[in-house]
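Here the structure is laid out as structure tokens; the discussion comes afterwards.
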Amino acid sequence: MLAHAGAPDETWSVVMVFAGLWVGWAGWSRLRGRGFPRLPLAGAYGLMGVAGVLVVGAAFLPRAILGPRLPSGPRPSSTATLTIAEPADGATVKGDELTVVLGLTGGRIIEDATTTDTSDTGHVHVSIDGTLLSMTYGLEQTIPIGDLAEGSHTIEAEFVAADHAPFAPRVTATSSFVKAST
């Protein structure tokens, strides 16, 4: 819900959570006899109900009303290229963490989520064996792999547009590695 602070649906979620907390505090204060003496008790119970609806609704309503609104039509293309420098293809990895070092040419990583895409800005999604593990705003990161079984695995990195959707054609890089016992 709050992963990329700044997209319209996420902003509304934050507003709804804080509004729910404030309304709930007002109702609770009246029920406890510590504030808002002119508010009828029925109004205080009503505020508590509205607070619950706001807090729970913050997880669902903004996304249902505002997003995701990916532009219709063709996806933007990018001339960017992405490489995986570490782990090297076929490398053996020991331990509970995997250091991933990427190279990006012709593209720029940005932190803001937006639906206004350009062909050279976005961020990187990192997956191991088809499972998305990370959305990163840098070219180097450490990924926990303690739960990963020993043996051969494939890591994939994808440079995606700022709206989290892929470019057309996709900008990806893959590498395989072997997880060995520590």
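Every number here is computed from the coordinates shown, using simple stated rules; none is lab data. Model, not experiment: these values are computed from the prediction. Note that each Cβ is placed from the backbone with ideal geometry, even for glycine, and that neighbours are counted across all protein chains shown.
Other residues whose C-beta falls under 14 angstrom from the C-beta of Leu39 contribute a net charge of +4, scoring Lys and Arg +1 and Asp and Glu -1. Relative to the longest principal axis of the Cα atoms of the chain, helix 41-57 runs at roughly 10 degrees. Amide H to amide H distances under 5 Å link Thr121 with Arg108, where only residues 5 or more positions off or on other chains count and H is placed in the peptide plane. Rounded to two decimals, the Cα radius of gyration of the chain over 2.2 N^0.38 Å is 1.44. Converting phi to 3J(HN,Hα) with the Karplus coefficients 6.51, -1.76 and 1.60 and the offset θ = phi - 60°, the stretch 152-160 yields 7, 9, 10, 10, 10, 10, 9, 7, 10 Hz in sequence order, with x at every glycine or proline. Shown in residue order for the stretch 88-105 are the 3J(HN,Hα) couplings computed by the Karplus curve 6.51 cos²θ - 1.76 cosθ + 1.60 at θ = phi - 60°: 5, 4, x, 5, 9, 10, 10, x, 9, 9, 10, 8, 10, 10, 10, x, 10, 10 Hz (x for Gly and Pro). Relative to the dominant Cα principal axis of the chain, helix 8-31 is inclined by about 30°. In this entry, the stretch 81-180 is assigned a mean projected area of 5.8 nm², taken as a quarter of its C-alpha convex hull surface.
About the centre of its Cα atoms, the chain shows a dipole size close to 1240 debye [charges on the beta carbon of Lys, Arg (+1) and Asp, Glu (-1) only; nearest 20 debye]. Taking the number of Cβ atoms within 10 Å of each Cβ as an exposure proxy, the fewest-first ranking of Trp12, Trp22 is Trp22, Trp12.
Sorting the segments 76-84, 31-39, 131-139 by their mean number of nearby beta carbons within 10 angstrom, highest to lowest, gives 76-84, 131-139, 31-39. For the pair Arg32 and Asp112, a Förster radius of 30 Å applied to the C-beta separation gives a FRET efficiency near 0.10, rounded to the nearest 0.05.
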